[in-house]
Amino acid sequence: MDSEWTSKKEQLKEIKVMCQKLIEERERGQLDISKAVKSFKSSAQEAVENTEKVFTELICSLEKKRSEIKEQIRAQEKTEIDRAEKLHKHLDQELTELRRRQTEIEKLLITDDQVNFLKSCQSVCVLPTFEDIPSITQHTHLSFKDISISAFREVLEDVCQQQTARISQEVSNILIVEPPKPETPNQFLQSDRSYSRHRPRVSVANQRALALRDVTLQLARGTKAVRAPRSSPPDATEKTHTRSFLALNSVGFSRESLRPNKSRPADVDPPSVLQ
């Protein structure tokens, strides 16, 4: 009785030390979380402001490019219209001269005055030098509708879609707390089902994990105040089992804390089945 009392007392001291250690760990965890949240908020605010700045600059840049393209279109319009009007005026002058000569030629052709005919013929028989009429574009390079503004929009939209998807993925990967890894059999089964939804039955590894959990629970039921294994006397083995159970209880069935014991069924594999 005294030895059991001494053993239980030692176990309680160990539990107290473990509790204190857990308290300190969680206090440090709270402090780390507070610092991380503060830093996270600051980083998020900075990212939002930077996003606003970048998109504002992009909008300004696009508006500037839009104005430049519009001005270039208008400038090209004015330049080419001026050239066309100048050419039109020049052709009008040439037409006036040609029509005047044509009228003179027609008069000479119907005159019977040979002296006047021969005298006037020398001046009208030599045509002035005329430049060739520049080719007037009828199809190619004639319409501004051929400008690839729509193609520019499509390329810009594709780039925006790709880059926003990349940024969205990067944003999703920014975490304060890492997602929990499956430690308990239930979490292990849920994780397993997420990768094998088409299998109607529980995998053999999961069945073994459940059997391993049952063995651990049987160990726990055999204890009283601290749930020490009832099949072992209060010796080093009992302390080992108790510490294993406390570790299991604190982290939710941690497979690293298990130790082989005689109460495990022969057909159950060791803790490696959870790996």
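The values are calculated or read from the model by the stated rules, or taken from the named source; none is laboratory data. Just so it is clear, the structure is predicted and the values come from calculations on it, not from any experiment. Note: ideal-geometry Cβ built from the backbone for every residue, glycine included; neighbour counts use all protein chains shown.
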Which numbered condition Gln45 misses (of (1) within 28 Å of the chain's Cα centre (by Cα); (2) over 23 Å from Cys160 (Cα atoms)): (2)
Residues of region 104-132 satisfying the condition of being β-branched (Val, Ile, Thr) and surrounded by 10 or more Cβ atoms within 10 Å (Cβ to Cβ): Ile105, Thr111, Val124
Conditions (1) among the β-branched types (Val, Ile, Thr); (2) modelled with pLDDT under 75; (3) more than 30 Å from Arg100 (Cα to Cα); (4) surrounded by 10 or more Cβ atoms within 10 Å (Cβ to Cβ); number of the one not met by Val155: (2)
Options Ala84, Ala47, Ala75; residue that is within 30 Å of Ile174 (Cβ to Cβ) and either in contact (Cβ under 8 Å) with a residue 60 or more places away in the chain or among the small types (Gly, Ala, Ser) (or both): Ala47
Hits in region 6-20 - residues which are surrounded by 11 or more Cβ atoms within 10 Å (Cβ to Cβ) and not hydroxyl-bearing (Ser, Thr, Tyr): Lys8, Glu10, Gln11, Leu12, Glu14, Ile15, Met18, Cys19
Test: residue in region 7-21 that is in contact with a helix residue (DSSP H, G or I) (Cβ under 6 Å, 6 or more places away or on another chain) and either farther than 30 Å from Ile133 by Cα or not in a helix (DSSP H, G or I) (or both): yes
Any hit, region 55-73, residues being in a helix (DSSP H, G or I), in contact with a helix residue (DSSP H, G or I) (Cβ under 7 Å, 6 or more places away or on another chain), in the same structural domain as Gln163 (by TED's automatic domain parsing) and under 30 Å from Ile147 (Cα atoms): yes
